[in-house]
Amino acid sequence: MRCAACGSEQTRKCSIVYEEGTQSGTISVTPGGGSPLHAEQVTSSALAKRCRPPLEPHAGGFVADIAISAVLTCLWAAIVVRRAQVAGREVSPAILMEAIVVAIVLWFVLHNWVRPPLWRWGKGKRLLAAYRDALAGWRKSWICSRCGEISTETSQ
């Protein structure tokens, strides 16, 4: 492969440059004699960062799902409290516990079962198609060791 910019044959595949320049490992820290905390650390060289693959899109919505769950739970709790008042019953603290449980269940359902299929069907469909195209292009890309130009196999 020749560099399209300078004509040099000193080119390397971006996927190989990224793999060689990226290291991952686990860090363990024990604060104050307590139980150890573990974290994964990924470090990349500047060149590997330039040659990194495109980022895969995801549905996200963590905070939005919490907000929707909170609103639905408040509505549900208000309805339960109102029905209890109309029936002449006393509202117990157990209703608050039920509301918390309902909020957690709603968040779990929204975040894991509702949002991902809706996202893949709507906006995610376009984003995933663009990601697949970008990933295919990345797999065909080369970087010149002399001038730093990144080009694809088709641009010889």
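The values are calculated or read from the model by the stated rules, or taken from the named source; none is laboratory data. Keep in mind it's a predicted model, so treat the numbers as computed, not measured. Here the Cβ positions follow ideal geometry from the backbone for every residue, glycine too, while neighbour counts run over all protein chains shown.
V42 meets the conditions (1) under 29 Å from L128 (Cα atoms); (2) over 23 Å from the mean Cα position of the chain (by Cα); (3) of a type in the set (A, V, I, L, M) in every case but one. The failed one is (2). The residues listed here are I143, I100; of these, the one that is farther than 24 Å from G60 by Cα and either part of a helix (DSSP H, G or I) or at pLDDT 90 or above (or both) is I143. Name every residue in segment 72-97 that is of a type in the set (S, T, Y) and either assigned to a loop (DSSP other than H, G, I, E, B) or in contact with a Cys (Cβ under 6 Å, 6 or more places away or on another chain) (or both), in order of residue number. Once the filter is applied, which keeps residues that are of a type in the set (S, T, Y) and either assigned to a loop (DSSP other than H, G, I, E, B) or in contact with a Cys (Cβ under 6 Å, 6 or more places away or on another chain) (or both), segment 72-97 yields only S92. Against the condition surrounded by fewer than 12 Cβ atoms within 10 Å (Cβ to Cβ), at pLDDT 80 or above and basic (K, R), how does R82 come out, does it pass? Yes. Among the residues of segment 48-71, some residue qualifies, meaning at least one is touching a Pro at 6+ places or on another chain (Cβ under 8 Å), over 29 Å from S28 (Cβ atoms) and either touching a residue at least 12 places away in the same chain (Cβ under 8 Å) or in a strand (DSSP E or B) (or both). Is segment 33-42 home to any residue that is assigned to a strand (DSSP E or B), touching a helix residue (DSSP H, G or I) at 6+ places or on another chain (Cβ under 8 Å) and among the aliphatic types (A, V, I, L, M)? Yes; the residues of segment 33-42 include at least one that is assigned to a strand (DSSP E or B), touching a helix residue (DSSP H, G or I) at 6+ places or on another chain (Cβ under 8 Å) and among the aliphatic types (A, V, I, L, M).
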